[in-house]
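Q: Once you've had a glance at the structure underneath, I'll fire off some questions.
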Amino acid sequence: MKAFVFPGQGSQYCGMGRDIFEAFPAAEELMKKADAILGFSMTGIMFKGSEEDLRQTRYTQPAIFLHSMAIASLIGNDGIAMAAGHSLGEYSALCFAGAISFEDAIRIVARRGELMQKAGEENPGSMAALIGMQDCSVEALLTEASLSGTVQAANFNSPGQVVISGDIAAVRKAVELAPSHGARMAKELVVSGAFHSPLMKPAEQELAEALEHVDIHDAKIPVCMNAVAVPVTSAPEIRKNLIRQLTSPVLWTQSIEAMVKNGVTDFIEVGPQKVLQGLIKRIDKSVTTAGVDTADDVSRHITV
C-alpha cells in the first residue's frame, strides 16, 4: 500500500518550485492562481526570495504548501491509499485527500502562517532539538525544566529525536539539563516562535475563527493526523484536529507507526527536500521511501 507524506516548515529552499513552474504548464497555472488568490507574488518569493524571506513563517507555509500541491496535481493519486503531513504539511495532505479545496487551503495556510508569526512576535518563545533520549526521559526532563516556565514536547519526529517548545527560559533550562537525562545532543533552534506549545494559544483561537469560513468535507482517503496519530476521514474530526494541532505535539513517529499497522509499505514524500524520508527510515526500516521535489523527479514519477 502506498501513501503520500507532505513536508512542513523547515523544508523550504531558495528557488523552490521554479523548475516545476517552467517545465509544466499545469503547475504554472496553479501557481499563478495562488498568486491571484493571495494578492501578492508567492512565486516571486519562492523563485527569487532570500533565505531570510523564506524563513518568515507567513511566507514559508504557503510556499511549501504550493510547492507540494503543484507536484501532487501533476503526479496524480493513482494507487495512493493514505496520506499524512508534518504540521503545515497536514494541510497539503487534506487538500490532496479532497477534504479542503485548493482555493480554501492556500488561504487558510497563509492565514495560519500570519497568525503563527504574530503569536511568536507577541509571545516570544523558543524550541530545541533533543537527540538520543527515550520519550519517558524527555517527560522527566520537561517536568524539571517546567519550573522555569512553560515547556512541552512539540514534535516526536523519530525514535530518539524530539523537539521541545515553550518559554525561552524553560527551553534553555531543558537544553542545559538534557545531558544529565541521557541526551546525546541538545540544541536550541532558530525559530520565530514556540510552535506546537501553549504559547500558540492566541493563534489557535483566531485559526478556529478562520476555519469557520472554510468548507471541510470528508476525506476521500484517510489522513493520519498529527494531533491523534490515527487515520481520519470525518470532516468534523478533521476540523477539530486542525485546531488542536497548533498547541499539541506533532505525533509523527506514532503516525507513521499507525500507517504501517494499517498496511502502508511505501511512503512517497511530495514537496521540497527529503526530511520526512529520513525520519520515516529511522521509524521503520522495513518500509520503502521515495521523494518528488524537482521537475526531473516529477518526470521520472510520471513515466514510471
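Q: Largest first, please: the extent of the C-alpha atoms of the range 55-191 along each principal axis, to the nearest Å.
A: Dimensions of the range 55-191 along the principal axes of its Cα atoms: 49, 36, 20 Å.
Q: Put +1 on the Cβ of each Lys and Arg and -1 on the Cβ of each Asp and Glu in the chain; which of PHE4, MET185, ASN262 then has its Cα farthest toward the positive end of the dipole?
A: Projecting each Cα onto the dipole axis, the largest value belongs to MET185.
Q: So, one more: Determine the distance separating the Cα centre of the range 241-262 from the Cα centre of the range 168-233; give it in Å without decimals.
A: After rounding, the separation between the Cα centres reads 10 Å.
Q: Read through the labelled values (i) 117; (ii) 126; (iii) 150 and report the label of the one computed as volume of the Cα convex hull per residue in Å³ from the structure.
A: (i)
Q: Can you tell which of VAL175, VAL163, VAL287 shows the greatest fluctuation in a Gaussian network model of the chain with Cα springs below 10 Å?
A: VAL287
Q: Using only alpha carbon positions, build the gyration tensor of the range 212-304, then give the equivalent ellipsoid semi-axes as the square roots of 5 times its eigenvalues, largest first, whole angstrom.
A: Each semi-axis is the square root of five times an eigenvalue, giving 25, 17, 13 Å.
Q: Given 0.36 nm per residue, what is the gain on full extension from ASP296 to LYS281 after removing their alpha carbon distance, in nm? If you can, show how the numbers build up before the last one.
A: Numbers: separation 15, 0.36 × 15 = 5.40 nm, distance 2.32 nm.
Once the chain is fully extended between ASP296 and LYS281, it gains 3.1 nm.
Q: On to the next question. Treating the beta-carbon of each Lys and Arg as +1 and of each Asp and Glu as -1, no other charges, what is the dipole magnitude of the chain about its Cα centre, to the nearest 20 debye?
A: Result for the chain is approximately 480 debye, rounded to the nearest 20.
Q: Compare the peptides 37-46, 126-135 by average per-residue count of other Cβ atoms within 10 angstrom and give them in order, highest first. Kindly include the intermediate steps, with their values, before the conclusion.
A: Details: 37-46: 17.2, 126-135: 19.4.
Per-residue Cβ counts within 10 Å, averaged per peptide and sorted highest first, yield 126-135, 37-46.
Q: For the chain, what relative contact order do you get, as a whole percent, if you take Cα pairs closer than 8 Å and at least 6 residues apart?
A: 23
Q: At 222 nm, what value in deg cm²/dmol follows for the chain if DSSP H runs of at least 4 each add -39500 (n - 2.57) and the sum is divided by all its residues, to the nearest 500?
A: Value at 222 nm, helices only: -15000 deg cm²/dmol.
Q: In square nanometres, what is the average projected area of the Cα convex hull of the range 125-188?
A: Across all orientations, the range 125-188 yields a mean hull projection of 3.2 nm².
Q: Now for a different question. Could you run the Karplus curve 6.51 cos²θ - 1.76 cosθ + 1.60 with θ = phi - 60° over the range 100-108 and give me ³J(HN,Hα) per residue in whole Hz, x for Gly and Pro?
A: In residue order, the calculated couplings are 9, 5, 4, 4, 5, 5, 5, 5, 6 Hz.
Q: If the chain between ASP78 and LYS33 were fully stretched, how many nm would it gain, using 0.36 nm times the residue separation less the Cα-Cα distance? It would help to have the intermediate numbers written out before the result.
A: Numbers: separation 45, 0.36 × 45 = 16.20 nm, distance 2.45 nm.
Gain on extension, ASP78 to LYS33, equals 13.7 nm.
Where a number appears in this text, it was derived from the coordinates with a stated rule and is not lab data. All values derive from a computational prediction rather than experimental measurement. Neighbour counts are summed over all protein chains in view; Cβ atoms, including those assigned to glycine, are modelled from backbone coordinates with ideal geometry.
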